[in-house]
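Novice: Mind looking over this structure? Questions follow.
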Amino acid sequence: MMISRNHTIWLMRTAALVFGAATIRSGGSVLFGDGAPAAGNVVGFVLWFNFLAGFAYVVAGAGLWLRRRWSAQLALAIALATMLVFGAFGIHVAAGGAFEARTAWAMALRCAMWILIALLTLKGTKRDDSARSALSGHH
């Protein structure tokens, strides 16, 4: 069974919002609450990035729900920033820094999710722009 493009975009919008809220909650728990002992070998810059990025996830998700063009660009910025932080995390690990394996998996998931959201929403934005341009007579 094929999933329609509308269902896929609905899933991406929902994932952005839910993942954002969960990221803020879990990061906030480690940073400001009682979650630090269970977190293990925290990589500070990754934790702070993910916590702050959680707010961007929520904004992007809301923009996607409202079909705002900037939300696709924000999704791309989130994907690029996440890949940069994942690269820095890799350097930290290669240099012998302490880390948790689940951090690597979580960063890989974040990268994949935001790359997918960015590709799907940017493609949709370009298609919408082309349709608007054709309707208005501009090329």
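Novice: I'm told ALA98 meets every condition in (1) assigned to a helix (DSSP H, G or I); (2) exposed (fewer than 15 other Cβ atoms within 10 Å of the Cβ); (3) aliphatic (A, V, I, L, M) except one. Can you identify the failing condition by its number?
Specialist: Unmet condition: (1).
Novice: Name the residue, out of ARG127, ARG132, ARG67, that is loosely packed, with under 15 Cβ neighbours inside 10 Å, modelled with pLDDT under 95 and at positive phi.
Specialist: ARG67
Okay, residues lined up against (1) free of Cβ contacts under 8 Å to residues at least 60 places away in the same chain; (2) under 17 Å from LYS123 (Cβ atoms):
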site	(1), (2)
GLY61	yes, no
ARG68	yes, yes
PHE99	yes, no
MET113	no, yes
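Novice: Please enumerate the residues belonging to the stretch 1-35 that are more than 18 Å from ALA62 (Cα to Cα) and either surrounded by 12 or more Cβ atoms within 10 Å (Cβ to Cβ) or at pLDDT 80 or above (or both).
Specialist: Scanning the stretch 1-35 gives ARG5, SER26, GLY27, GLY28, SER29, VAL30, LEU31, PHE32, GLY33, ASP34, GLY35.
Novice: Since PHE55 meets every condition but one in (1) closer than 18 Å to THR82 by Cβ; (2) free of Cβ contacts under 8 Å to residues at least 12 places away in the same chain; (3) under 14 Å from the mean Cα position of the chain (by Cα); (4) surrounded by fewer than 15 Cβ atoms within 10 Å (Cβ to Cβ), which condition does it not meet?
Specialist: Every condition holds for PHE55 apart from (2).
Novice: Checking the structure you have, find out if any residue of the stretch 58-74 is farther than 16 Å from MET12 by Cβ and not polar (S, T, N, Q).
Specialist: Within the stretch 58-74 (the criterion being farther than 16 Å from MET12 by Cβ and not polar (S, T, N, Q)), the answer is no, since none of the residues qualifies.
Novice: For the stretch 36-50, which positions are closer than 11 Å to ILE24 by Cα and crowded, with 16+ Cβ neighbours inside 10 Å? Please lay out each step first, then the result.
Specialist: Step one: list which residues in the stretch 36-50 are closer than 11 Å to ILE24 by Cα, which gives 47-50.
Those that are closer than 11 Å to ILE24 by Cα and crowded, with 16+ Cβ neighbours inside 10 Å: LEU47, PHE49, ASN50.
The values are calculated or read from the model by the stated rules, or taken from the named source; none is laboratory data. Note that this is a predicted model, so its numbers are computed, not measured. Positions of Cβ are generated from backbone atoms using ideal geometry, with glycine treated the same way; all protein chains shown enter the neighbour counts.
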